[in-house]
Ligand code: SAH
Ligand code: DHB
Ligand code: MG
């Protein structure tokens with residue numbers, strides 16, 4: 001385990017595969033200047049979000065947890081023409097930074113940030129009966145991760161892709177007796193996904209400049225499809 005090596009490898013990968021630009025750099029700088037925590041996805045992960053949205057042909061993307069909008073920029077860049085991202089954020093201060101970063105990236109028209117606790121804004125979205133989401137990125141409070149997966153399925157359709165950040169936490173997920181609500185919530189989410197009749201899923205561990213963690217990736221299957 002050598003976190004310094006992981007960071008050097010991320011730098012290698014970023015230099016070759018992930019084109020950085022003024023909008024992304026400005027978003028990182030503005031978020032740091034505003035005192036936001038340094039917990040956005042890494043550039044290589046952001047690029048993967050964009051690629052997944054593109055492969056999915058996503059016209060409607062739902063994000064839970066905007067922070068400064070770094071992951072949101074990547075998701076919005078992966079949209080089909082005319083597509084839209086709805087990003088849910090509890091903290092109005094975070095949402096304001098995210099909006100400014102998205103405007104600067106030229107994506108203001110393609111993203112709506114909804115302020116509030118996601119367990120309030122998700123039912124509101126459902127009540128609006130808008131078209132289903134093609135891709136859902138779950139990256140908010142880990143305590144309620146299982147509820148967010150439940151809502152992602154409800155707001156999705158057969159074929160919707162669900163991506164969840166931070167499901168490994170440097171191995172913290174192994175602790176069945178953890179007093180950490182984030183770990184308890186993450187483990188509950190694994191149980192929820194495993195037992196869900198419509199979800200086919202895997203998870204991959206990741207290392208990099210943000211340490212050791214992982215993503216869970218799931219597909220919503222047809223209601224009557226075999227698991
Ligand atoms: N997706 C972002 C990082 C999100 S960090 C990126 O990669 O760039 C997690 C965010 O979830 C924080 O901004 C936090 O304020 C927000 N959050 C925490 N609890 C929430 C809740 N109950 N509802 C909505 N957002 C919440
Ligand atoms: C935390 C949250 C995240 O979404 C993340 O990617 C890393 C850390 C946190 O709350 O500590
Ligand atoms: Mg995260």
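Numbers below:
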item	result
In the range 156-170, the residues that are in contact with a helix residue (DSSP H, G or I) (Cβ under 6 Å, 6 or more places away or on another chain) and closer than 23 Å to residue 127 by Cβ	162
Leading residue by the ranking (farthest from residue 141 (Cα to Cα)) among those in the range 91-114 that are touching a helix residue (DSSP H, G or I) at 6+ places or on another chain (Cβ under 9 Å) and in a loop (DSSP other than H, G, I, E, B)	106
Some residue of the range 47-56 being closer than 23 Å to residue 169 by Cβ, within 15 Å of ligand 2 (Cβ to nearest atom), in contact (Cβ under 8 Å) with a residue 60 or more places away in the chain and surrounded by 24 or more Cβ atoms within 10 Å (Cβ to Cβ)	yes
Answer from 60, 29 - the residue that is modelled with pLDDT of 95 or more and in contact with a strand residue (DSSP E or B) (Cβ under 7 Å, 6 or more places away or on another chain)	60
Residues within the range 71-82 that are crowded, with 19+ Cβ neighbours inside 10 Å and outside any helix (DSSP H, G or I), tallied	2
Residue match in the range 91-107 (condition: modelled with pLDDT of 95 or more, in contact with a strand residue (DSSP E or B) (Cβ under 6 Å, 6 or more places away or on another chain) and under 18 Å from residue 58 (Cβ atoms))	yes
Residue in the range 125-151 that is farthest from ligand 3 (Cβ to nearest atom), counting only those that are in a helix (DSSP H, G or I) and closer than 23 Å to residue 82 by Cβ	128
Some residue of the range 176-183 being more than 16 Å from ligand 3 (Cβ to nearest atom), at pLDDT 95 or above, closer than 23 Å to residue 210 by Cβ and assigned to a strand (DSSP E or B)	no
Scope the range 152-168; condition part of a loop (DSSP other than H, G, I, E, B), surrounded by 23 or more Cβ atoms within 10 Å (Cβ to Cβ) and more than 15 Å from ligand 3 (Cβ to nearest atom); matching residues	160
Residue in the range 128-141 that is away from ligand 2 (no atom under 16 Å from the Cβ) and free of Cβ contacts under 8 Å to residues at least 40 places away in the same chain present	yes
The range 169-183 - residue that is surrounded by fewer than 17 Cβ atoms within 10 Å (Cβ to Cβ) and within 16 Å of ligand 1 (Cβ to nearest atom) and, of those, farthest from the chain's Cα centre (by Cα)	180
Qualifying residue in the range 30-41 (condition: under 15 Å from the mean Cα position of the chain (by Cα) and surrounded by 17 or more Cβ atoms within 10 Å (Cβ to Cβ))	yes
Filtered residues of the range 46-69 (kept if part of a helix (DSSP H, G or I) and within 10 Å of the chain's Cα centre (by Cα))	46, 49
Some residue of the range 184-203 being part of a strand (DSSP E or B), buried (at least 19 other Cβ atoms within 10 Å of the Cβ) and either touching a strand residue (DSSP E or B) at 6+ places or on another chain (Cβ under 6 Å) or at pLDDT 95 or above (or both)	yes
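The values are calculated or read from the model by the stated rules, or taken from the named source; none is laboratory data. Just so we're clear, the structure is a prediction, and the values are computed from it rather than from any experiment. Neighbour counts are summed over all protein chains in view; Cβ atoms, including those assigned to glycine, are modelled from backbone coordinates with ideal geometry.
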